[in-house]
Amino acid sequence: MTGASSGIGAATVRRFTEAGWHTVAVARREERLTALAAETGAHPIVCDVTDEAQVAAMAREVAETGGASGLVNNAGGALGTDSVEHASNEDWRQMFEVNVIGLRNVTAALLPVLRQAVRGSNTADACASILNLTSTAGLDVYAGGGGYNAAKFAAHAVTGVLRLELAGEPIRVMEVAPGLVHTEEFTLNRLRGDAEAAKRPYADIVPLTAADVAAVMVAAFEQPPHVNQDLIVLRPIAQSSVFHTHRGPLTPRE
C-alpha cells in the first residue's frame, strides 16, 4: 500500500488489517508510518515512490519478508488550481512524478513479487491483484484542473494498458476513481495551506471519507479470484458529476 501515511492510504491499511490481511505500509514520512504500524501491526517501509532505487529496495524487502499477493497504488496528489496558461511547470512535473511515474515504478518492481505469490500458492485458482487509486479527475476535465487532470488521465490510461499487457496471467488490474473525498491533507496541500479555501469544496454537503473509499478498495480485493472490477467510480450522493454538486439538504421531490 503506497501513500500509506495519511488519508485514504492510512484508512485502507486500517481496513485491510481489520479484515485479517497482512499489510505492508509504504510512504515517505517515517514518523507517521511508524505510528500507523504501531496501531495496526502493518509492516512499514519508508520509500519515495518517485525514486527508483528506493522502490527497488522496497520490493526486495517485500520479497524477503513474505512476499505479496496484492498491490495498491495509492500515492498521489494535486498541486494548484491555476489555468493551463498560468500553471507552474514544476507543479505539473511533481504531479506526474508521483501520480504516474511513481505508479509505474512500484508496479514494475512488484510484478515479479506478485507472480511469485501466485506460483507459490496452494490454491488452483489463485490470483494476484493490482488496484490503482485514480480519480474522477482522470475521467472528466474541469477548469483549473489541467495538471491534475492530465496526471490522473495518464494513470487511468496506464491502468488500462497494464490490464491488456497482463492478459493471460492470473493478475487482475482494478481501478477506483473517487469523486469528492474529504481528507485532512489533499485539498489543503493543493491550495498550499490555505485552510479557509480548503473548506469550501465540502461546504453544505456530506463528502466521502477516507474510510468510505477504503471499504470499497478492500471489498474489491475480496471478490472471488475470477472477478475483475475494472473501474469503480465512487462519489458522494450529492455529487452527480464532476460539474454538479448539490449543496444543502437532500429531500425527496413532491
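The values are calculated or read from the model by the stated rules, or taken from the named source; none is laboratory data. Model, not experiment: these values are computed from the prediction. As a convention, Cβ positions derive from the backbone with ideal geometry for all residues, glycine included, and neighbour counts pool all protein chains shown.
Conditions (1) surrounded by fewer than 20 Cβ atoms within 10 Å (Cβ to Cβ); (2) closer than 25 Å to Ser88 by Cβ, marked per residue:
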residue	(1), (2)
Tyr142	yes, yes
Gly147	no, yes
Leu164	yes, no
Gly168	yes, no
Glu196	yes, yes
Thr209	yes, no
Glu222	yes, no
Val227	yes, no
Asp230	yes, no
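Any idea which of Val161, Val218, Val176 is touching a Phe, Trp or Tyr at 6+ places or on another chain (Cβ under 9 Å) and under 26 Å from Ile130 (Cα atoms)? Quick ask: steps written out before the conclusion?
Values: Val161 fails: touching a Phe, Trp or Tyr at 6+ places or on another chain (Cβ under 9 Å); Val176 fails: touching a Phe, Trp or Tyr at 6+ places or on another chain (Cβ under 9 Å).
One residue alone meets the criteria, Val218.
Go over the candidates Val181, Val206 one by one and state the one that is under 16 Å from the mean Cα position of the chain (by Cα) and within 18 Å of Pro236 (Cα to Cα). Lay out the reasoning, then the answer.
Working: Val206 fails: under 16 Å from the mean Cα position of the chain (by Cα).
Among Val181, Val206, only Val181 is under 16 Å from the mean Cα position of the chain (by Cα) and within 18 Å of Pro236 (Cα to Cα).
So in the range 171-191, with the set limited to residues that are without any contact (Cβ under 8 Å) to a residue 60 or more places away in the chain and either among the charged types (D, E, K, R) or surrounded by fewer than 13 Cβ atoms within 10 Å (Cβ to Cβ) (or both), which one is farthest from Thr12 (Cα to Cα)?
Arg172
Which helices (runs of 4 or more DSSP H) sit wholly inside the range 1-109 and have at least 2 residues that are aromatic (Phe, Trp, Tyr) and either on the phi > 0 side of the Ramachandran plot or at pLDDT 95 or above (or both)? Spell out the reasoning first.
On the way: elements: 7-18, 30-40, 52-64, 89-96.
Answer list for the range 1-109: 89-96.
Restricting the range 199-211 to residues that are without any contact (Cβ under 8 Å) to a residue 24 or more places away in the chain and either basic (Lys, Arg) or part of a loop (DSSP other than H, G, I, E, B) (or both), which is nearest to Met1 (Cα to Cα)?
Taking the candidates together, the pick is Lys199.
Scanning for something assigned to a loop (DSSP other than H, G, I, E, B), at pLDDT below 95 and among the β-branched types (Val, Ile, Thr), does the range 218-238 turn up at least one residue?
Within the range 218-238 (the criterion being assigned to a loop (DSSP other than H, G, I, E, B), at pLDDT below 95 and among the β-branched types (Val, Ile, Thr)), the answer is no, since none of the residues qualifies.
Matching residues to (1) assigned to a loop (DSSP other than H, G, I, E, B); (2) closer than 16 Å to Gly9 by Cα; (3) among the β-branched types (Val, Ile, Thr); (4) touching a helix residue (DSSP H, G or I) at 6+ places or on another chain (Cβ under 9 Å):
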{"residue": "Asp140", "(1), (2), (3), (4)": "yes, no, no, yes"}
{"residue": "Glu169", "(1), (2), (3), (4)": "yes, no, no, yes"}
{"residue": "Gly193", "(1), (2), (3), (4)": "yes, no, no, no"}
{"residue": "Ala197", "(1), (2), (3), (4)": "no, no, no, yes"}
{"residue": "Val213", "(1), (2), (3), (4)": "no, yes, yes, yes"}
{"residue": "Ser240", "(1), (2), (3), (4)": "no, no, no, no"}
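Counting only residues that are part of a helix (DSSP H, G or I) and of a type in the set (Gly, Ala, Ser), which one in the range 144-160 is farthest from the chain's Cα centre (by Cα)? Quick ask: steps written out before the conclusion?
Of all residues in the range 144-160, those part of a helix (DSSP H, G or I) come to 146-160.
Adding the requirement that they be of a type in the set (Gly, Ala, Ser) leaves 146-147, 150-151, 154-155, 157, 160.
Working: Gly146: 19, Gly147: 17, Ala150: 16, Ala151: 13, Ala154: 14, Ala155: 10, Ala157: 15, Gly160: 15 Å.
Within the range 144-160, the match that is farthest from the chain's Cα centre (by Cα) is Gly146.
Among what's in the range 232-248 and is surrounded by 15 or more Cβ atoms within 10 Å (Cβ to Cβ) and touching a strand residue (DSSP E or B) at 6+ places or on another chain (Cβ under 8 Å), pick the residue that is nearest to Ala117 (Cα to Cα).
Keep residues of the range 232-248 that are surrounded by 15 or more Cβ atoms within 10 Å (Cβ to Cβ), which gives 232, 234-236, 238-239, 242, 245.
Okay, now just the ones that are also touching a strand residue (DSSP E or B) at 6+ places or on another chain (Cβ under 8 Å), so 232, 234-236, 238-239, 245.
Details: Ile232: 25, Leu234: 30, Arg235: 33, Pro236: 36, Ala238: 41, Gln239: 39, Thr245: 43 Å.
Result: Ile232.
Among the residues of the range 124-133, write down those that are in a loop (DSSP other than H, G, I, E, B) and in contact (Cβ under 8 Å) with a residue 12 or more places away in the chain. It would help to see each step written out before you state the result.
First, the residues of the range 124-133 that are in a loop (DSSP other than H, G, I, E, B): 124-127.
Across the range 124-133, the qualifying residues are Asp125, Ala126, Cys127.
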